[in-house]
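None of the figures in this text is laboratory data; all of them are computed from the coordinates on show. Nothing here was measured: the structure is a model prediction, and the numbers come from that model. Neighbour counts run over all protein chains shown; Cβ positions are idealised from the backbone, glycine included.
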């Protein structure tokens, strides 16, 4: 299975090479989609974990033991549906096809599973209705 | 043949048959234009998109002692100081360059929403207007007049935008990804007003329309009115053609159909909701409103590379989500709201069905034989 996860690193993150251990020790295939890590500050990593469920859970437990918070990315993307006018500007920018619009009703749809948190929708929305918590961490 | 008077009599007595342009296009698959002209009296068209050439005239009223406002700011945004003492025009794209994400479009939306706006103005002081500075809060309640006057709206068949360069381009057609990873289109297709009356037989000066939630009027031909573009086999211009200037009472508008917006690295604009009724005076008009998306062809322009023409496509293809440009499959998305345009067409239809909205015959037709001039840089 593939799980898209946001890893939040504490300020005093361990010196252990965590991602290396995930791959070598826990046998998880990792695709890093986005990394925001600065020395001495909290950091975050958006990554796809590919392995069977047991291995992914072991990997998450290992990260938690090392002070890294792990949360599924799906809860991180949102927009103000009340104010949305279904113009499609965000859809145009969304190359991962998380945002779609089309027949029959031409209303905006968001599939959080497909979101790679590229943040293009934040800029593309002319009403500035999008929030990605990952970007604020 | 029907006259405006006959159609209005039917509207007044609640007998008028009104369809949206999408409904009539579907009907045209079964019925001939002649049958449609006999059956249907009015077709409603609509669009809801960003229209940068929009703005509002405001009159603040005179303070005591009075001031001749020569430099005017609304919420810190400089607006026109060139209209007598207490009039201004706030354009949708007016902004303070220091904070470009807020501008005229937002101010207009806030006025419509009933919010207070900070007014600050300066004058040099004259014998009849001695004051040199004023600060006040204004709203649609305090303004004498507030009316939208948009010099260029509802463009007939706007271009499809894409980008062949290897850089993201931030434009008024939205975010254009590198190497044609997307293409954006901004028209309501078969529902679009000037596509359904391509030669402006019914749309002229004085045409009563739906404007941002209330009634408005076509005030003039829009600026950049181009009436000699090449047309396709279905009589539709294949490049941006005619436009309309519209006017309406801002105090009666709704933010459901008027929104201030900001385009990244471009600036502010205004989403404007327009609905135009087309009377089916004869078979020819019935034929025109029967136009379908696959019969509307638009020009694909490279916004990354000097507005180069890359080819043509049609609106059925655009709505399918993918077009082919130079042999490459390109993902498409709209940048104007079809959902809102449909809502507007349905509201206008209900106004006419209930006898609340009568049609007007143009007091002057739109110009013919016009084209566009560029700006020649003459030495001075």
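Of the peptides B:301-311, A:85-95, B:212-222, how do they stack up when ordered by the mean number of other Cβ atoms within 10 Å, highest first?
Top to bottom by mean Cβ count within 10 Å: A:85-95, B:212-222, B:301-311.
Among B:42, B:335, B:160, which one shows the highest mean-square fluctuation when chain B is modelled as a Gaussian network with alpha-carbon springs under 10 Å?
B:335
So for the protein assembly as shown, what percent of the C-alpha to C-alpha distances run longer than 31 Å?
It works out to 54 percent of all Cα pairs.
Using the Kirkwood radius built from alpha carbon pairs, what does the Stokes-Einstein equation give as D for chain A at 25 °C and 0.890 mPa s, in µm² per second?
152
How do A:2, B:347 line up, fewest other C-beta atoms within 10 Å first?
A:2, B:347
Extension gain residue B:101-residue B:256, at 0.36 nm per residue separation less the Cα-Cα distance, in nm?
53.7 nm
Among B:190, B:30, B:322, rank each residue by its count of other Cβ atoms within 10 Å, from fewest to most, as a rough exposure measure.
Ordered from fewest to most neighbouring Cβ atoms within 10 Å, B:190, B:30, B:322 come out as B:30, B:322, B:190.
Only Cα pairs within less than 10 Å get springs; with that Gaussian network setup on chain B, which residue of B:64, B:44, B:228 has the largest fluctuation?
Highest fluctuation of the listed residues: B:64.
Neighbour counts of other C-beta atoms within 10 Å: give me B:52, B:128 arranged from fewest to most.
In increasing order of surrounding Cβ atoms, one gets B:128, B:52.
What is the distance, in nm, between label points placed 7 Å from the Cα along the Cα-to-Cβ direction at residue B:377 and at residue B:9?
6.2
Measure nothing fancy, just the Cα-based angle from helix A:53-65's long axis to the longest principal axis of chain A, in degrees from 0 to 90, nearest 10.
Relative to chain A, helix A:53-65 is tipped by roughly 70 degrees.
Does anything in the range B:122-161 have its amide N under 11 Å from the 7 Å Cα→Cβ label point of residue B:59, and if so which residues?
So the set is B:144-147.
Identify which of B:252, B:135, B:342 has the largest mean-square fluctuation in a Gaussian network model of chain B, with springs joining Cα atoms closer than 10 Å.
Top of the fluctuation ranking is B:135.
Can you pull the mean other chain C-beta count within 10 Å for peptide B:339-346?
Per residue, the average neighbour count from other chains is 2.
Dividing the alpha-carbon radius of gyration of chain B by 2.2 N^0.38 Å (N being the number of residues), what value is obtained?
So chain B has a normalised radius of gyration of 1.05.
Can you bin the range B:160-273 into rounded, prolate or oblate? Criterion: square roots of the alpha carbon gyration tensor eigenvalues sorted a ≥ b ≥ c, rounded for a/c under 1.5, prolate for a/b above b/c, oblate for the rest.
Since a/c reaches 1.5 but b/c is at least a/b, the shape of the range B:160-273 is classed as oblate.
Per residue of chain B, what 222 nm ellipticity follows from adding -39500 (n - 2.57) for every DSSP H run with n ≥ 4, rounded to the nearest 500?
-4500 deg cm²/dmol
If I model a spin label at residue A:103 and residue B:368 as a point 7 Å from the Cα along the Cα→Cβ vector, what separation in nanometres do I get?
If labels sit at residue A:103 and residue B:368, their model points lie 3.7 nm apart.
Label 7 Å along Cα→Cβ of residue B:361; the range B:11-25 residues with amide nitrogen under 19 Å?
Taking a point 7 Å out along Cα→Cβ of residue B:361, the residues of the range B:11-25 whose backbone N falls under 19 Å are B:11-13.
Could you work out the equivalent-ellipsoid semi-axes for the range B:65-119, taking the square root of 5 times each eigenvalue of the Cα gyration tensor, largest first, in whole Å?
One finds semi-axes of 19, 13, 10 Å for the range B:65-119.
Please report the Cα spread of the range A:75-136 along all three principal axes, rounded to whole Å, starting with the longest.
33, 22, 18
Looking at the range B:29-154, what % of the alpha carbon pairs are farther apart than 23 Å?
So the pairs more than 23 Å apart make up 42 percent of the total in the range B:29-154.
Percent of Cα-Cα pairs per 10 Å bin, from 0 to the last occupied bin, for the range A:2-73, please list those.
So the P(r) values, bin by bin, are 22, 60, 18, 1.
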